[in-house]
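See below for the structure under consideration.
Nothing in this text is a laboratory measurement; each read-out follows from the coordinates by a stated rule. Being a predicted model, the structure only gives us computed values, none of them experimental. Cβ placement follows ideal geometry from the backbone for every residue including glycine, while neighbour counts extend to all protein chains displayed.
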Amino acid sequence: MNALEKLAARQHLAVALLSAWLIATSPWIAMLRRIPREAGFLDYSHVVLGFVTLAIAITYTVTCTRAGRWRLYFPWLAGQFGAVGRDASGLLRGRIPAAEGGGLFGLIEGLLLVLLLATAVTGAVWFAMQGSQEALAWRSHHIFAARGLVAFFVLHVVTVSLHLIDFIRD
């Protein structure tokens with residue numbers, strides 16, 4: 001494993017753990033237009049860890065998409081729909097798509113990266129706008145992005161689980 005792969009593995013672990021914490025504790029966050037005066041540990045940890053996640057999400061996205069690897073995560077940007085179509089039709093026939101190669105699972109990972117960035121950015125903009133009229137709109141954008149992130153996070157866990165099951169079977 002080279003240095004870039006080790007860095008990506010560490011970033012992936014950090015993003016997964018931070019995202020899991022932020023998602024799991026989000027029902028107890030009581031912020032609307034601003035951080036409330038009676039804010040507690042969960043409110044402040046959400047803000048601080050949200051900014052940490054933003055920094056790691058940006059660097060992780062750069063790490064994942066360097067040297068043309070962006071085509072693996074965003075095949076549609078390169079006009080490469082064939083692998084996604086083959087993976088989708090194979091899935092309907094009971095075949096598990098490949099983890100690499102710019103196919104369906106890569107597309108899911110790419111959209112998860114976009115949603116991670118969107119959630120982190122909208123949270124940071126909400127924080128910057130706190131106290132203003134725009135704060136509630138950015139909070140809504142943040143919640144929308146976070147819900148998409150949760151959906152694709154679950155989908156990502158399912159795809160990884162499918163590969164583990166396939167690996168064990170072989």
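Check off (1) free of Cβ contacts under 8 Å to residues at least 24 places away in the same chain; (2) over 21 Å from T119 (Cα atoms); (3) surrounded by 12 or more Cβ atoms within 10 Å (Cβ to Cβ) for I29 and give me the number that stays unchecked. Looking at each condition in turn, I29 falls short on (2). Among the conditions (1) in contact (Cβ under 8 Å) with a residue 12 or more places away in the chain; (2) closer than 27 Å to V160 by Cα; (3) basic (K, R), K6 misses just one, which is (1). For segment 38-50, indicate whether the set of residues that are of a type in the set (V, I, T), over 20 Å from L112 (Cβ atoms), assigned to a helix (DSSP H, G or I) and in contact (Cβ under 8 Å) with a residue 24 or more places away in the chain is non-empty. Yes, the conditions are met somewhere in segment 38-50. Regarding segment 140-157, can at least one residue be identified that is of a type outside the set (D, E), over 14 Å from the mean Cα position of the chain (by Cα), over 21 Å from L17 (Cα atoms) and surrounded by 13 or more Cβ atoms within 10 Å (Cβ to Cβ)? Scanning segment 140-157 turns up at least one residue that is of a type outside the set (D, E), over 14 Å from the mean Cα position of the chain (by Cα), over 21 Å from L17 (Cα atoms) and surrounded by 13 or more Cβ atoms within 10 Å (Cβ to Cβ). Being over 21 Å from L116 (Cβ atoms) and surrounded by fewer than 15 Cβ atoms within 10 Å (Cβ to Cβ) is a description that applies to R93.
Hey, among the residues in segment 99-139 that are among the hydroxyl-bearing types (S, T, Y) and in a helix (DSSP H, G or I), which one's nearest to the chain's Cα centre (by Cα)? By that ranking, first place goes to T119. Do we find a residue being farther than 30 Å from R33 by Cα and out of contact with any Asp or Glu (no Cβ under 8 Å at 6 or more places or on another chain) anywhere in segment 111-128? No: zero hits.
Could we say that A16 is small (G, A, S), under 15 Å from A120 (Cβ atoms) and under 16 Å from the mean Cα position of the chain (by Cα) here?
Values: small (G, A, S): yes; under 15 Å from A120 (Cβ atoms): yes; under 16 Å from the mean Cα position of the chain (by Cα): yes.
For A16, the condition - small (G, A, S), under 15 Å from A120 (Cβ atoms) and under 16 Å from the mean Cα position of the chain (by Cα) - is met.
A57 falls short of the stated requirement of being without any contact (Cβ under 8 Å) to a residue 12 or more places away in the chain, of a type outside the set (V, I, T) and either surrounded by 14 or more Cβ atoms within 10 Å (Cβ to Cβ) or assigned to a helix (DSSP H, G or I) (or both). Residues of segment 28-43 that are closer than 12 Å to F127 by Cβ and charged (D, E, K, R): R33, R34, D43.
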